[in-house]
Amino acid sequence: MTQMKVALLTEVFPRNMGYLENFLPKYLVRLGIDVHVVTTDLPPYYQMQEKEFNETYGGFADSKDLIPGAVETIQGFTLHVLRHKKVLGYMRMSGLAKKLASIGPDIVQAMAPIGWIPLQAALAKPLLGFKLFTGNHYHASVFPLAHKKPFPWSGELLRCRLTRTLPGWLVSLFTEKCYAIAPDCADIATRFFGVPKSKISVCTLGVDTELFNPICTEQNLQSRLSLRQHLGFSGSDIVCIYTGRFSEDKNPLLLAKAVAQLVSAGQPYRGLFVGNGMQAEAIQSCAGCTTHLFVPVHELGDFYRASDIGVWPAQESLSMMDAAACGLPIVANNTMTAPERLDGNGAAYKLNNLEDLVRVLLEFRDLETRKRMGAIGARKMARYFSWESIARRRLRDYKAALNPRGQREEGLVPEEISLTSEPADIDPKHRMVTDLREESISDV
């Protein structure tokens, strides 16, 4: 049987971070797929102002080593770097069709349903004969129009229809599926990006459980104690960790203020902030708070295991899942649209309400509560949200697209999928909630 070949198109490739473009290819390779990641020479978050980018990511994720024309092998997959070109304010890949022709993929997976890159792929599809898949990672929290009810003739909505809905609809004519990473992302894809509901598949992002797992060995425990000592935390401190940008939209400063308030009240709470950004100085000035520069993703698990509670005060973050996989209970705001990240293993506070955040943090004062909820979260991430299981699901869809007749005639799910998939008559989300409820009861 000919080896399946998959090309993943991503505008940026941040080597030191833990995103889909880093981990999905790794696990597809392990399933026997020939994977090619095609990216540009742009750094992540290139849309930021130069001063803010340098202050936040300078020296960590500037992608200066991504040279156009370079080809290299990483964890079994092949990375191809193309030159970027700005057209009408948006980035496209120079020579993408030629590169795809040289790779000869069976499947092309784009990261978005709109923009030049998926449009380039859609235009190349009839000539090269691959099956095209897209994705949508836009949460409602970062898409203001999703919270408005504009008149049909409003300028803002008309611009969206022209620049997003129409191009997205054109791309969707050539696609098999669009993977939305959460229900609100699916809503945005259908309402604003022109993707038909029939082509939407909600498929969460994942966790690399090889990197992110709870303390289960003596070495893990010693690493926790050593890192806490290095960071200045005692064994009795309750360390609340945040990782990511120190920016106003992420607002980790609110957590720092909550920790400072708890410290002033004599509570044993401390804050650990791993990252950088414009709020760094203000965070450092808060009592009980320690900052640390960004660390590569393969080192990040040690920082979670050295902590006690994971807190993301504002926007959703994939880091929540990584922290949960390491056995931390999670605190997020009550408007977050991915509740599965908290169900059974965390709590929500009222968005931007300092006093309510303090109240919720105090709910985790008890060690046994933290251990019980953290254990539930670690099991949930390993069972339902590992990149391995998500790669198997993608592979099932890719095979079905390449051989729809065979799937219908045989009525079979590929063997590697059947080992982890839910029975057809059971809603996976319902099964997850039921399992976790049973686990929670058994842990009491």
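Please give the peptides 336-346, 64-74, 305-315 ranked by average Cβ packing (other Cβ atoms within 10 Å per residue), highest first, as a rough proxy for protection. Intermediate values should be presented prior to the final figure.
Numbers: 336-346: 20.6, 64-74: 12.1, 305-315: 24.4.
Ranked by mean Cβ neighbours within 10 Å, highest first: 305-315, 336-346, 64-74.
Go through (1) 22.3, 68; (2) 28.1, 112; (3) 22.5, 79 and flag the label whose value is the computed Rg and Dmax of the Cα atoms in Å for this structure.
Here Rg and Dmax of the Cα atoms in Å agrees with entry (1).
How much of the DSSP bridge set in the chain is antiparallel, in percent, rounded to the nearest 5?
Bridges in the chain that DSSP calls antiparallel: roughly 15 percent.
Percent relative contact order of the chain, based on C-alpha pairs within less than 8 angstrom and at least six residues apart? Write out the running numbers ahead of the final one.
Working: 822 pairs, mean separation 55.7, N = 444.
So the answer I get is 13 percent.
How many Å² of accessible area per residue for the range 267-411, probe 1.4 Å?
Working: 5510 Å² over 145 residues.
Here the per-residue accessible area is 38 Å².
State, to one decimal in nm, how far the label point of Lys85 lies from the label point of Arg30, with both points 7 Å from Cα in the Cβ direction.
The two pseudo-label positions are separated by 3.9 nm.
Computing the accessible area with a 1.4 Å probe over protein heavy atoms, can you report the carbon and sulfur percentage for the range 1-64? Intermediate results must be reported in sequence, preceding the final value.
Working: 1290 of 2710 Å².
Using a 1.4 Å probe with all protein chains present, the range 1-64 comes out at 48 percent carbon and sulfur.
Could you list which residues have their amide H under 5 Å from that of Leu82, counting only those 5 or more apart in sequence or on another chain, with H placed in the peptide plane?
Amide H to amide H, under 5 Å and 5 or more residues apart or across chains, Leu82 pairs with Thr39, Thr40, Asp41, Gly69.
Can you tell me which of Leu262, Leu145, Leu272 moves the most in a GNM of the chain? Springs connect C-alpha atoms under 10 Å apart.
Leu145
Could you give the length gained by full extension between Leu128 and His298, i.e. 0.36 nm per residue of separation minus their alpha carbon distance, to one decimal place?
The span from Leu128 to His298 would gain 57.5 nm if fully extended.
Report the full-extension gain for the segment Gln284 to Thr337: residue separation times 0.36 nm, less the Cα-Cα distance, to one decimal in nm. Mind showing how you got there, number by number?
Values: separation 53, 0.36 × 53 = 19.08 nm, distance 3.00 nm.
Answer, rounded to one decimal: 16.1 nm.
Grab the other residues whose beta carbon is less than 11 angstrom from that of Val171, score K and R as +1, D and E as -1, and report the net. Don't jump to the answer; show the numbers that get you there.
Working: positive: Lys125, Arg164, Lys199; negative: none.
Net of charged neighbours comes to +3.
In whole Hz, what ³J(HN,Hα) sequence does the range 80-91 give by Karplus (6.51, -1.76, 1.60; θ = phi - 60°), x for Gly and Pro?
10, 10, 10, 6, 8, 9, 8, 10, 6, x, 10, 8
In the range 253-354, with Lys and Arg counted as +1 and Asp and Glu as -1 at Cβ, which of these residues, Leu328, Ala338, Ala256, has the Cα nearest the positive end of the dipole, that is, farthest along it?
Towards the positive end, the residue furthest out is Ala256.
For the range 217-229, take each phi angle, set θ = phi - 60°, evaluate the Karplus expression 6.51 cos²θ - 1.76 cosθ + 1.60, and give the result in whole Hz per residue in order, putting x for glycine and proline.
Going residue by residue, I get 9, 4, 5, 4, 5, 5, 5, 4, 5, 5, 5, 4, 5 Hz, with x marking Gly and Pro.
Calculate one ³J(HN,Hα) per residue across the range 54-66 by plugging θ = phi - 60° into the Karplus curve 6.51 cos²θ - 1.76 cosθ + 1.60, and present them in order as whole Hz with x for glycine and proline.
After applying 6.51 cos²θ - 1.76 cosθ + 1.60, I find 5, 5, 8, 10, x, x, 10, 9, 8, 6, 5, 8, 8 Hz.
Non-local amide H neighbours of Gly346 (under 5 Å, H modeled in plane, Pro and chain starts lacking H): which ones?
Amide H neighbours of Gly346: Ile330.
Can you give the net charge of the other residues whose Cβ lies under 14 Å from the Cβ of Glu21, counting K and R as +1 and D and E as -1? Mind dumping the intermediate values first?
Numbers: positive: Arg15, Lys26, Arg394; negative: Glu11, Asp208.
Summing Lys and Arg as +1 and Asp and Glu as -1 gives +1.
Between Ser154 and Ser223, 0.36 nm times their residue separation minus their Cα-Cα distance comes to what?
Separation in residues times 0.36 nm, less the Cα-Cα distance, equals 19.2 nm.
Straight distance only, please: which lysines reach the Cα of Lys131 with their own Cα at less than 19 Å, same-chain residues fewer than 8 apart left out?
Here the lysines satisfying the reach criterion relative to Lys131 are Lys5, Lys98, Lys99, Lys177, Lys197, Lys199, Lys399.
Under a 5 Å amide H to amide H cut-off, with H placed in plane at 1.01 Å, what residues pair with Arg270 once short-range neighbours are removed?
Amide H to amide H, under 5 Å and 5 or more residues apart or across chains, Arg270 pairs with Ile238, Val239, Cys240.
Quick check: pseudo-label points 7 Å beyond the Cα along Cα→Cβ at Gln267 and Glu52, how many nm apart are they?
According to this spin-label approximation, the distance is 3.1 nm.
The values are calculated or read from the model by the stated rules, or taken from the named source; none is laboratory data. These numbers come from a predicted model, not from an experiment. All Cβ positions, glycine included, derive from the backbone under ideal geometry; neighbour counts span all protein chains shown. These accessible areas exclude ligands, DNA and RNA; they are computed on the full protein's heavy atoms, side chains included. Shrake-Rupley method; radii C 1.70, N 1.55, O 1.52, S 1.80 Å.
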